[in-house]
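Heads up: the structure comes next, in structure tokens.
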Amino acid sequence: MSLRRVHLPPERIGEGRAALTDEARHYLRDVLRLAPGAAVELFDGRGGAWEATVLDGFEALALGARRAAPGGGAPVWLLVALAKGEKIDLVVQKATELGAARIAPFAAERSVVRLEPEKGEARAARWRRIAEEAARQCGRADVPEVRAPASLEAALAEVPAGFGAFVFHPGGAPLSEAAPSPAGGYAAVVGPEGGLTDAEREACACAGARATSLGPRVLRAETAAIVAVALLQARFGDLR
């Protein structure tokens with residue numbers, strides 16, 4: 001049976017001991033109903049993982065051996081247009097499970113949802129919790145970086161030079177024709193339900209993103225985002 005997993009930020013982890021947050025304490029004691037002395041796996045969200053034991057009082061964990069983190073593939077960034085309802089929640093969860101390194105929602109011209117900065121930060125905090133929960137469930141020792149919503153131009157500007165960038169749009173070339181990135185990283189741009197405008201596609205092209213197809217069928221925006229990450233991981237990453 002695999003160990004139950006709990007996440008703590010690096011600043012809570014010391015030499016041989018890790019101080020529990022209120023949230024982690026509630027999860028171990030009240031959700032999992034573990035008893036003192038129970039064995040768990042601790043991960044720090046940055047690639048570190050340890051065997052650990054719950055101490056009396058649920059104030060801390062005693063750390064055991066450090067676990068070898070599974071080797072990750074090339075970093076995959078997902079730039080995804082804002083969508084209504086809980087669609088981005090689903091995208092964040094599944095992109096995390098698929099190994100995305102960064103998830104950057106952006107406001108497209110045809111996005112139905114418009115978020116003011118304060119609401120955008122609140123929504124990003126929710127998405128980060130979803131990413132943490134998904135990382136805990138799928139066995140990742142790292143948690144992807146989830147950005148607050150920004151403009152497409154701002155999201156594109158943060159993509160490192162040399163990354164292989166792809167804007168997924170009907171009529172694009174097959175991903176199988178793309179060569180590996182010299183920088184070893186990849187970025188996927190996925191638009192909203194109505195698609196990216198001509199100006200947005202031009203902005204992607206100017207940023208070096210190649211127009212790429214997701215196949216012959218019309219996909220919902222949230223499906224397209226998940227498929228884009230899966231295809232990049234299968235072509236260049238750790239799903240090969």
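The values are calculated or read from the model by the stated rules, or taken from the named source; none is laboratory data. Since we're looking at a predicted model, the values are computed, not measured. All Cβ positions, even for glycine, are placed from backbone atoms using ideal geometry, and neighbour counts span all protein chains on display.
Summary table
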item: Failed item in (1) surrounded by 13 or more Cβ atoms within 10 Å (Cβ to Cβ); (2) without any contact (Cβ under 8 Å) to a residue 24 or more places away in the chain, with residue 216 passing the rest; result: (1)
item: Selection within segment 59-71 - in contact (Cβ under 8 Å) with a residue 24 or more places away in the chain and either of a type in the set (Gly, Ala, Ser) or not in a loop (DSSP other than H, G, I, E, B) (or both); result: 60, 61, 62, 63, 67, 69, 71
item: Only one of 159, 167 that is among the β-branched types (Val, Ile, Thr), in contact (Cβ under 8 Å) with a residue 24 or more places away in the chain, surrounded by 14 or more Cβ atoms within 10 Å (Cβ to Cβ) and part of a loop (DSSP other than H, G, I, E, B); result: 159
item: Residue in segment 46-53 that is within 18 Å of residue 226 (Cα to Cα), under 15 Å from the mean Cα position of the chain (by Cα) and touching a residue at least 12 places away in the same chain (Cβ under 8 Å) present; result: no
item: Selection count where residues are in contact (Cβ under 8 Å) with a residue 60 or more places away in the chain and farther than 19 Å from residue 78 by Cβ, scope segment 116-144; result: 3
item: Residue that is modelled with pLDDT of 95 or more, outside any strand (DSSP E or B) and under 30 Å from residue 104 (Cα atoms), where the choices are 74, 24; result: 24
item: Single match in 212, 197, 223 (criterion: of a type outside the set (Phe, Trp, Tyr) and in contact with an Asp or Glu (Cβ under 8 Å, 6 or more places away or on another chain)); result: 197
item: Selection within segment 219-240 - charged (D, E, K, R) and in a loop (DSSP other than H, G, I, E, B); result: 220, 238, 240
item: Per-region count, segment 143-164, residues charged (D, E, K, R) and at pLDDT below 95; result: 0
item: Residue within segment 30-43 that is in contact (Cβ under 8 Å) with a residue 40 or more places away in the chain and either assigned to a loop (DSSP other than H, G, I, E, B) or not hydroxyl-bearing (Ser, Thr, Tyr) (or both) present; result: yes
item: Hits in segment 174-213 - residues which are of a type outside the set (Asp, Glu), buried (at least 16 other Cβ atoms within 10 Å of the Cβ), modelled with pLDDT of 95 or more and assigned to a helix (DSSP H, G or I); result: 201, 203, 204
item: Close pairs from segment 73-88: first in contact (Cβ under 8 Å) with a residue 60 or more places away in the chain, partner among the charged types (D, E, K, R) and buried (at least 20 other Cβ atoms within 10 Å of the Cβ), Cβ under 7 Å, at least 6 apart; result: 83/222; 87/222
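Here is a yes/no grid of residues against (1) in contact with a Pro (Cβ under 9 Å, 6 or more places away or on another chain); (2) surrounded by fewer than 19 Cβ atoms within 10 Å (Cβ to Cβ):
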{"site": "39", "(1), (2)": "no, yes"}
{"site": "50", "(1), (2)": "no, no"}
{"site": "56", "(1), (2)": "yes, yes"}
{"site": "90", "(1), (2)": "no, yes"}
